[in-house]
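Trainee: Sharing a structure, written as structure tokens. Questions coming.
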Amino acid sequence: MPLRVGILGGGQLGRYLCQAARKLHMETIVLTSDPESPASHTADRLVIGSLDSVDAATRLTAASDVITFEIESIGPEVLLSLADAERRGKVRVAPGVSVLQKLQNKALQKKWLVRSGLPTLPFRALPATFPRPERLTRKFGLPLVQKAQLGGYDGRGVQILKTEEDMRNFWPVPSVVEHYLPNAREIAVLVARGHDGSLMAYPPVSMTFDPVQNVLLEVTSPADVSTGIAKRAEAIATYAVERLGGVGLFAVELFLSAEQTLFINEISPRVHNAGHHTLESCPTSQFEQHIRAIAGLPLGQVTQARPAIMRNLLGATAASQTEPKLNADPGARAENVFVHWYGKREPRPGRKMGHITCLQDEPGTARTLLNATIETLAPQLAIAS
Ligand SMILES: Nc1ncnc2c1ncn2[C@@H]1O[C@H](COP(=O)(O)OP(=O)(O)O)[C@@H](O)[C@H]1O
Ligand SMILES: [Mg+2]
């Protein structure tokens, strides 16, 4: 009987996890509240329900041999029920409930980073009610960054407060504050940890973000940083994942300061947008690597065949959209340009609708090809060009 992989979450990450599992002859069951989610069409079966519903999680558990996550904001009761099912030998959970509990809350994660001796920006964890937040600027200065402890993703849940005036918009939610790192560059390292403790890191990538929405825009792999910085980023990320001890793929986001110091920004216990290029640029994609790890298979090779640039296709308008023509021939626009579309109906501003990966030896050529492809797609797809 094929291994049954249960996935909590039905987004695009789940969509590619399902495809990778199928390639390895496994069966997938996706828990999502939306029957039309990006992963719904690639899963073998669906459990329709909320990620906070213990009942839905129990149905997923009954149908699965191993459970994993494509999103970290899973309700606390669901996590407890998964831990209980695992204790009773009903299912395996990877990367593990305790790992998820540690990382899904930004305050707990930062405390763990500090305890582990890993480099991260100084911070303060705050409760929902904190009188006179403007006092925080004495320690952290301006701009100051506030991050909701729970539930944020793609820049939602993060705000950069630039002036004393902005401090009036301080959110009354449990949060973490830290100083704003000016002129920082951003790097990510994807690290897989197998059942046997083996560790495998993809080459570090550099990332650029939309400055207003803090959403990831573009990924360059390998990162355009010195070999020394790349090696150090890889060493920090690998050590962090080793210490975490979970099984699966992890994404370690780092800042590189103007003074060339590396700080861990955050760690995600899952596949990540920074690794989409691996679908075409590496012998083992991040999605296959995650499935291999949680299934107890040996990890695959991660040597990158060609340099890659990946650009997210972000929604531009709230106009509703009919079936995009793009799906007809997604890979045929230009050689080594790969267009992916997630099948989301509503192109909300800043929403990740798809992505394009371009494999070229020259980053300049890659960017020209990407821009040309986006220009042709933008009018028909309501994406930002
Ligand atoms: N202290 C900081 N200094 C500068 N930029 C920051 C800082 N914290 C966050 N950002 C920007 O906001 C983005 C999103 O923040 P992050 O903590 O990674 O939250 P998310 O969970 O939304 O990914 C970062 O990738 C970075 O571009
Ligand atoms: Mg982030």
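The values are calculated or read from the model by the stated rules, or taken from the named source; none is laboratory data. From a predicted model like this one, the values you see are computed outputs, not experimental measurements. No Cβ is skipped: glycine too gets one built from the backbone with ideal geometry, and neighbour counts run over all protein chains shown.
Trainee: Scanning for something more than 16 Å from ligand 2 (Cβ to nearest atom), under 29 Å from Pro349 (Cβ atoms), touching a residue at least 60 places away in the same chain (Cβ under 8 Å) and among the charged types (D, E, K, R), does region 301-316 turn up at least one residue?
Mentor: Yes: region 301-316 contains one or more residues that are more than 16 Å from ligand 2 (Cβ to nearest atom), under 29 Å from Pro349 (Cβ atoms), touching a residue at least 60 places away in the same chain (Cβ under 8 Å) and among the charged types (D, E, K, R).
Trainee: For His195, which of the numbered conditions (1) closer than 19 Å to Arg270 by Cβ; (2) outside any strand (DSSP E or B); (3) within 16 Å of ligand 2 (Cβ to nearest atom) fails to hold?
Mentor: Unmet for His195, out of (1) closer than 19 Å to Arg270 by Cβ; (2) outside any strand (DSSP E or B); (3) within 16 Å of ligand 2 (Cβ to nearest atom): (3).
Trainee: Is it the case that Ala237 is buried (at least 20 other Cβ atoms within 10 Å of the Cβ) and either within 11 Å of ligand 1 (Cβ to nearest atom) or aromatic (Phe, Trp, Tyr) (or both)?
Mentor: no
Trainee: How about region 228-240: which of its residues are touching a residue at least 24 places away in the same chain (Cβ under 8 Å) and either of a type in the set (A, V, I, L, M) or not in a helix (DSSP H, G or I) (or both)?
Mentor: Ile229, Ala230, Ala233, Ile236, Ala237, Ala240, listed by residue number.
Trainee: While we're here: Which residue pairs have Cβ atoms under 8 Å apart, sit 6 or more places apart or on different chains, and have a first residue in region 21-37 that is in the same structural domain as Val47 (by TED's automatic domain parsing) and in contact (Cβ under 8 Å) with a residue 40 or more places away in the chain and a second that is of a type outside the set (Val, Ile, Thr) and outside any loop (DSSP other than H, G, I, E, B)?
Mentor: From region 21-37, the pairs are Ala21/Glu27; Lys23/Glu288; Leu24/Glu288; Leu24/Arg292; Met26/Arg4.
Trainee: I've got another one for you. Could you list, in sequence order, the residues of region 198-227 that are away from ligand 2 (no atom under 16 Å from the Cβ) and outside any loop (DSSP other than H, G, I, E, B)?
Mentor: Selection gives Leu199, Met200, Ala201, Thr220, Ser221, Thr227.
Trainee: Take the residues in region 147-181 that are at pLDDT below 95 and assigned to a loop (DSSP other than H, G, I, E, B); name whichever of them is farthest from ligand 2 (Cβ to nearest atom).
Mentor: In this case the residue turns out to be Gly151.
Trainee: OK, next. How many of the residues in region 133-158 are within 9 Å of ligand 1 (Cβ to nearest atom), of a type outside the set (Gly, Ala, Ser) and without any contact (Cβ under 8 Å) to a residue 40 or more places away in the chain?
Mentor: Number satisfying all stated conditions: 4.
Trainee: Modelled with pLDDT under 95, of a type in the set (Lys, Arg) and buried (at least 16 other Cβ atoms within 10 Å of the Cβ): does that describe Lys325?
Mentor: No: the conditions fail for Lys325.
Trainee: Taking the condition assigned to a strand (DSSP E or B) and within 15 Å of ligand 1 (Cβ to nearest atom), does Ala188 pass?
Mentor: yes
Trainee: Scan region 241-248 and give yes if some residue there is assigned to a helix (DSSP H, G or I), crowded, with 20+ Cβ neighbours inside 10 Å and either within 16 Å of ligand 1 (Cβ to nearest atom) or in contact (Cβ under 8 Å) with a residue 12 or more places away in the chain (or both), otherwise no.
Mentor: The answer is yes, given that some residue of region 241-248 is assigned to a helix (DSSP H, G or I), crowded, with 20+ Cβ neighbours inside 10 Å and either within 16 Å of ligand 1 (Cβ to nearest atom) or in contact (Cβ under 8 Å) with a residue 12 or more places away in the chain (or both).
Trainee: Next up: Which one of these does Gly354 not meet: (1) modelled with pLDDT of 90 or more; (2) part of a helix (DSSP H, G or I); (3) small (Gly, Ala, Ser)?
Mentor: Unmet for Gly354, out of (1) modelled with pLDDT of 90 or more; (2) part of a helix (DSSP H, G or I); (3) small (Gly, Ala, Ser): (2).
Trainee: Is it fair to say Ala372 is closer than 23 Å to Ser206 by Cα and modelled with pLDDT under 90?
Mentor: yes
Trainee: Of everything in region 249-271 that's within 16 Å of ligand 2 (Cβ to nearest atom) and more than 29 Å from Ile7 (Cβ to Cβ), which residue is surrounded by the most Cβ atoms within 10 Å (Cβ to Cβ)?
Mentor: Top of the filtered list is Leu256.
Trainee: Identify the residue in region 8-51 that is part of a strand (DSSP E or B) and touching an Asp or Glu at 6+ places or on another chain (Cβ under 6 Å) and, among all such residues, is farthest from Gln104 (Cα to Cα).
Mentor: Step by step, filter region 8-51, then rank; the result is Glu27.
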